[in-house]
Structure formats: structure tokens, C-alpha cells
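Q: Please find one structure pasted underneath; my questions will follow.
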Amino acid sequence: MTPHALRLRTLCLALALTTASLAAHAQKSAAWSDALRQQIERIDKATPGQLGVYIKRLDNGETLAYQADRPWYLGSTTKLPVALAVLQQAEAGKLNLAQKVTLQETDKVDGSGNVVWQKSGTTYTVEALLKRMLMESDNTAANMLIRTVGEDTLNQRARQYLGTNGFNRLTTFTAVRRDVYGELHPKARELTNIQLVQVAAQTNGPKRVDALVRTLSIPKSELRAKTMDEAYTRYYARQFNSAPLSAYGNMLEQMVTGKLVNPQHLQRLMADLKFETYDAYRLEAGLPRTARFIHKTGTQLNRACHMGVINPQDGARAAIVVATCAEELDEHREAGPAFEQIGRAITQTLLEDAGKK
């Protein structure tokens, strides 16, 4: 055999081996994603409402998208883009994490956290507010940080993370309340923060509608929506505080790969997103205890989300981005078990396959 023919034969053999390797890799990739999709479809079918799921392996870029490119209401998972905007402003020298922020009456809003019950004039550092917002999901702390950064700046930053396809605008948590109650009656948009807190003291249903009617001093016949469910449905249709799961997942990927904040701030974020703890909550309840998981949840009437990154350590080399949301179901009783089942399906089809269990 001539040297030329030998070289040609060697090249053909190398190409054949490469093709076979790529085919085997593609088959393996299809195996986990197809198996996982089948499980997600089964979970979705057995769960009221709808599920959306976005998963991406950062080691090889493989993704699974299940209803992931339409907007989903994010709830308190919007607090992560707020935190990113705050840290980016700090890195730009426009604020300092040690600077004090004073609690104002106009910051106070119901929901998670206890800052709402503190006296106006109480001061917190930006760093302390970040921790309260992420670890305790404190709504009033989030309002204080949004005020510190500025809504326009927050949304300019958010559009860089989340894009513009399916993303409208992030608002304060006070604006959420006023917009929802405003669907019942336009005068509700004029309620003070303390009035909003007092109305929310009633169970979210007929009692809250009655409390709103009393607070506004209007006849019930003037209501433009008859129930809280109807008011929230109209509000969700406006798509504030919403984004596609694929966009949110891309933000998570940029974050853990160091493209949004510096290493020191990334470590701070990971700590506040519970890198060191295992809470067996929602997605995490279905993951192995050995897997690290940074995450943020969001819950509102008939809406729930759980977003996070599995194994984000070591430069995110083996990280898996997970973004999930559910709608038109009980946000606690039904969403929690559905997310846990998704976590278990990820473990069975992806983590065990990758040898991470």
C-alpha cells in the first residue's frame, strides 16, 4: 500500500470513529432528554393546570424545553434579577453594599418577611436587605432595594438578562397588589401601603373582596370583577413580572458562569440562595441530598415557580440549570408535589446518568 493510500485509509478510519462517537453521544443525549420529557408529560397530565420546564446541562449545552418559550408569571423569583441589578450597580460604583437604606411607609407590603412590621425610619444595609430578600423572600426588603436601584434601572438591567421576547416589565410588590385590586375597582390603585397590608390580612378569597369593599367604602355592585380569582387572572394577562423559562434559565446560566457579577458577589448570591442547605422543598425534595442546589421560589394565587442551578460549584462545569413554573392549580397543595416529581425525574434520567448521585 502506498503512503498516500495509507494516509487516506487512516483518515477514513478516524472520520468513521468520530462519526460513531458523535452518533453515540447524540443517542445518549436523546435518551435522557426523551425519557425526562416523557416523565414531565406524565406529571403535567396528572397535575391540574399547566407546567413549564426548562433544563440545560452546562457541560455540553444540551437542553430540554417544555412549554418554556412562552411567558410565565414569575412571582418572587423576580427577586433574583433585583439582586443582580443591585450587585451590578455596586460593581459600577453607584451604590455600596454597606450603605444604609431607611424604611419608609411606602415600602411596606404584605407577604413574606417581617420588615413590614418594623417602624418607619428603621435602617438596614443594602447587604442585609439582599439577604432578607433572597433567604426570607421579604417583599418589603425587595421594595426597598427596587427603590434604591430605581425601577427604570432595574428594568434596563433585567432586559439584558431576560431579553425582550416575552418580557414586559418588573414592578414593585406594592404595584402588584394595587394592580390586582385595581381589577376589582380602579380606586384600589389609590390605597396606601398600610391599607394594602390590612386588606391582605383577610384570607385570599371572598373575605378579602369584602375587606376591599369596606376599605374603599363602595357598594359591592360597583366591583368590575367579582372574585379574587377573576382579578388575578386579569392581572396575569397583562404579563407584568413575567418571562419565558428559557430566558430565566439563560439568566441563571450567565450568573453561575460569572458573566453577570464578579466572583465575590457570585459567592454571596450562592450563599443567599441556600447553597449550603438542604430544605427538601419542591424541586429539591426530589434531588439527591449530595447535589448542591441554589434556588429561588415564587408563589402567588394559582401560580408557582421554582428556579435554580444544580451543582453550580467549580465554575459551573457540571451545573444543570432548572426553571419550572405551574399555573391554574393550587400554588401550595398541588404545585409542591408536582415540582418534587420533576426533581425526582431529573435525578432518575439525568443526575444518575451523569454519575452525580
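Q: Here's a check for you: in the range 112-123, which residue that is among the small types (Gly, Ala, Ser) and open to solvent by 50 Å² or more (accessible area, probe 1.4 Å) is farthest from Thr172 (Cα to Cα)? First the steps, then the outcome.
A: Kept after step one, since they are among the small types (Gly, Ala, Ser), are these residues of the range 112-123: 112-113, 120-121.
Still in the running and open to solvent by 50 Å² or more (accessible area, probe 1.4 Å): 112, 120.
Values: Ser112: 14, Ser120: 18 Å.
Here the answer is Ser120.
Q: Which ones in the range 285-299 are of a type in the set (D, E, K, R) and under 14 Å from the mean Cα position of the chain (by Cα)? Talk me through it step by step, then tell me what you get.
A: So in the range 285-299, the residues of a type in the set (D, E, K, R) come out as 289, 292, 296.
Scanning the range 285-299 gives a single hit, Lys296.
Q: (1) touching a Phe, Trp or Tyr at 6+ places or on another chain (Cβ under 6 Å); (2) hydrophobic (A, V, I, L, M, F, W, C); (3) not in a strand (DSSP E or B): which one isn't true of Val101, the others all being true?
A: (3)
Q: Can you tell me which residue among Ala98, Ala128, Ala141 is touching a strand residue (DSSP E or B) at 6+ places or on another chain (Cβ under 8 Å), surrounded by fewer than 18 Cβ atoms within 10 Å (Cβ to Cβ) and closer than 18 Å to Leu87 by Cα? First the steps, then the outcome.
A: On the way: Ala128 fails: touching a strand residue (DSSP E or B) at 6+ places or on another chain (Cβ under 8 Å); Ala141 fails: surrounded by fewer than 18 Cβ atoms within 10 Å (Cβ to Cβ).
Going through Ala98, Ala128, Ala141 in turn, just one is touching a strand residue (DSSP E or B) at 6+ places or on another chain (Cβ under 8 Å), surrounded by fewer than 18 Cβ atoms within 10 Å (Cβ to Cβ) and closer than 18 Å to Leu87 by Cα: Ala98.
Q: Go through the range 202-233 and report how many residues are open to solvent by 90 Å² or more (accessible area, probe 1.4 Å), touching a helix residue (DSSP H, G or I) at 6+ places or on another chain (Cβ under 7 Å) and assigned to a loop (DSSP other than H, G, I, E, B).
A: 1
Q: For the range 101-111, what are the residues that are surrounded by fewer than 15 Cβ atoms within 10 Å (Cβ to Cβ) and touching a strand residue (DSSP E or B) at 6+ places or on another chain (Cβ under 9 Å)?
A: Thr102 - this is the single residue of the range 101-111 that is surrounded by fewer than 15 Cβ atoms within 10 Å (Cβ to Cβ) and touching a strand residue (DSSP E or B) at 6+ places or on another chain (Cβ under 9 Å).
Q: Looking for whichever is β-branched (Val, Ile, Thr) and touching a strand residue (DSSP E or B) at 6+ places or on another chain (Cβ under 7 Å) here; the options are Val261, Val256. Which one fits? Break it down stepwise before answering.
A: On the way: Val261 fails: touching a strand residue (DSSP E or B) at 6+ places or on another chain (Cβ under 7 Å).
That would be Val256, the only listed residue that is β-branched (Val, Ile, Thr) and touching a strand residue (DSSP E or B) at 6+ places or on another chain (Cβ under 7 Å).
Q: Which of the numbered conditions does Phe275 fail, given that it passes all the others? Conditions: (1) surrounded by fewer than 17 Cβ atoms within 10 Å (Cβ to Cβ); (2) within 30 Å of Asp229 (Cα to Cα).
A: (2)
Q: Mind checking which pairs have a first residue in the range 204-219 that is touching a residue at least 60 places away in the same chain (Cβ under 8 Å) and within 28 Å of His332 (Cα to Cα) and a second that is of a type in the set (A, V, I, L, M, F, W, C) and surrounded by 13 or more Cβ atoms within 10 Å (Cβ to Cβ), Cβ under 8 Å, 6 or more apart or different chains?
A: Listed by first residue and then by second, the contacts come to Asn204/Met228; Asn204/Leu301.
Q: Another question, if that's okay. Taking Thr164 as meeting all but one of (1) within 30 Å of Pro312 (Cα to Cα); (2) buried (at least 17 other Cβ atoms within 10 Å of the Cβ); (3) free of Cβ contacts under 8 Å to residues at least 24 places away in the same chain, write down the number of the exception.
A: Every condition holds for Thr164 apart from (2).
Q: A further question on this structure: Tell me whether the range 246-263 contains one or more residues that are farther than 25 Å from Pro312 by Cα and surrounded by 15 or more Cβ atoms within 10 Å (Cβ to Cβ). Let's see the steps before the verdict.
A: So the first thing to find is which residues in the range 246-263 are farther than 25 Å from Pro312 by Cα, and the list is none.
Taking every residue of the range 246-263 in turn, none turns out to be farther than 25 Å from Pro312 by Cα and surrounded by 15 or more Cβ atoms within 10 Å (Cβ to Cβ).
Q: Residues in the range 305-334 that are within 20 Å of Pro263 (Cβ to Cβ) and open to solvent by 10 Å² or more (accessible area, probe 1.4 Å): how many?
A: So the count comes out to 6.
Q: Can I ask one more? How many residues are assigned to a helix (DSSP H, G or I) and open to solvent by less than 60 Å² (accessible area, probe 1.4 Å) if we restrict to the range 43-77?
A: Start the filter on the range 43-77 by keeping residues that are assigned to a helix (DSSP H, G or I), which leaves 43-46, 75-77.
Of the ones still in play, those that are also open to solvent by less than 60 Å² (accessible area, probe 1.4 Å) are 43-44, 75-77.
Counting residues in the range 43-77 that are assigned to a helix (DSSP H, G or I) and open to solvent by less than 60 Å² (accessible area, probe 1.4 Å) gives 5.
Q: Same structure, new question: Scan the range 282-290 and give yes if some residue there is closer than 24 Å to Thr140 by Cβ and crowded, with 16+ Cβ neighbours inside 10 Å, otherwise no.
A: Step one: filter the range 282-290 for residues closer than 24 Å to Thr140 by Cβ, giving 282.
Filter again for crowded, with 16+ Cβ neighbours inside 10 Å, leaving 282.
Yes, the conditions are met somewhere in the range 282-290.
Q: Residues to consider are Phe293, Phe339; find the one that is farther than 23 Å from Gln38 by Cα, among the aromatic types (Phe, Trp, Tyr) and at pLDDT 95 or above. Reasoning before the result, please.
A: On the way: Phe339 fails: farther than 23 Å from Gln38 by Cα.
Result: Phe293 is the single residue among Phe293, Phe339 that is farther than 23 Å from Gln38 by Cα, among the aromatic types (Phe, Trp, Tyr) and at pLDDT 95 or above.
Q: If I ask for residues that are under 14 Å from Ser217 (Cα atoms) and either touching a residue at least 40 places away in the same chain (Cβ under 8 Å) or open to solvent by less than 50 Å² (accessible area, probe 1.4 Å) (or both), which ones from the range 187-201 would you list?
A: Ala188, Leu191, Val199
The values are calculated or read from the model by the stated rules, or taken from the named source; none is laboratory data. Nothing here was measured: the structure is a model prediction, and the numbers come from that model. Virtual Cβ from ideal backbone geometry, glycine too; neighbours counted across all protein chains shown. Just so you know, the surface numbers come from the protein's heavy atoms only, side chains and all, with ligands and any DNA or RNA stripped out. Shrake-Rupley method; radii C 1.70, N 1.55, O 1.52, S 1.80 Å.
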